[in-house]
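Since the structure comes first, as structure tokens, the remarks are kept for the end.
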Amino acid sequence: YPMVVVSAPGKVLLAGGYLILDRPHTGTVLALDARFFSAVEMRPPAAATLPGEVEVSVASPQFGELRHYVYSSGPAGGDASLRPAAGTAAQPPNRYV
């Protein structure tokens, strides 16, 4: 299966947040020369996944982590959920979220 790699320029939101979605408000953003890279690779589904489910593995070399999840879109595309995959060890919460 092919791998797709994308990147986006780095930025830091100094002020504003979602408040800038209302017209009278403004925000301040600082551009960086750093970039964020992400790679996506499709693989055959695991035997444990059900119809309408997708196994998602997130590898973070920067933080030395590999986490496995199951994404379910729900019937007719509603009520989507993301849960830890069966058999995965309990992981501490992400300290950056």
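Values for this structure:
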| quantity | calculated |
| --- | --- |
| Positive minus negative residues near Val6 (Lys, Arg vs Asp, Glu; Cβ under 14 Å) | 0 |
| Charge context of Ser72, other residues only, Cβ under 12 angstrom, K/R +1, D/E -1 | -2 |
| Point-to-point label distance, Thr49-Leu30, nm (Cα→Cβ direction, 7 Å offset) | 4.0 |
| Length added when fully stretched, Glu65-Ala90, from 0.36 nm per residue minus Cα-Cα | 7.7 nm |
| Probe 1.4 Å, all protein chains present, accessible-area order of Leu32, Leu82, largest first | Leu82, Leu32 |
| Separation in nanometres of the label points that stand 7 Å from Cα toward Cβ, at Ser57 and Glu41 | 0.8 |
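The values are calculated or read from the model by the stated rules, or taken from the named source; none is laboratory data. Keep in mind that what you see is a predicted model, and the values were worked out from it rather than measured. FYI the Cβ positions are ideal-geometry reconstructions off the backbone, even for glycines, and counts take in every protein chain you see. Surface accessibility is based on the protein's heavy atoms, side chains included, excluding ligands, DNA and RNA. Shrake-Rupley method; radii C 1.70, N 1.55, O 1.52, S 1.80 Å.
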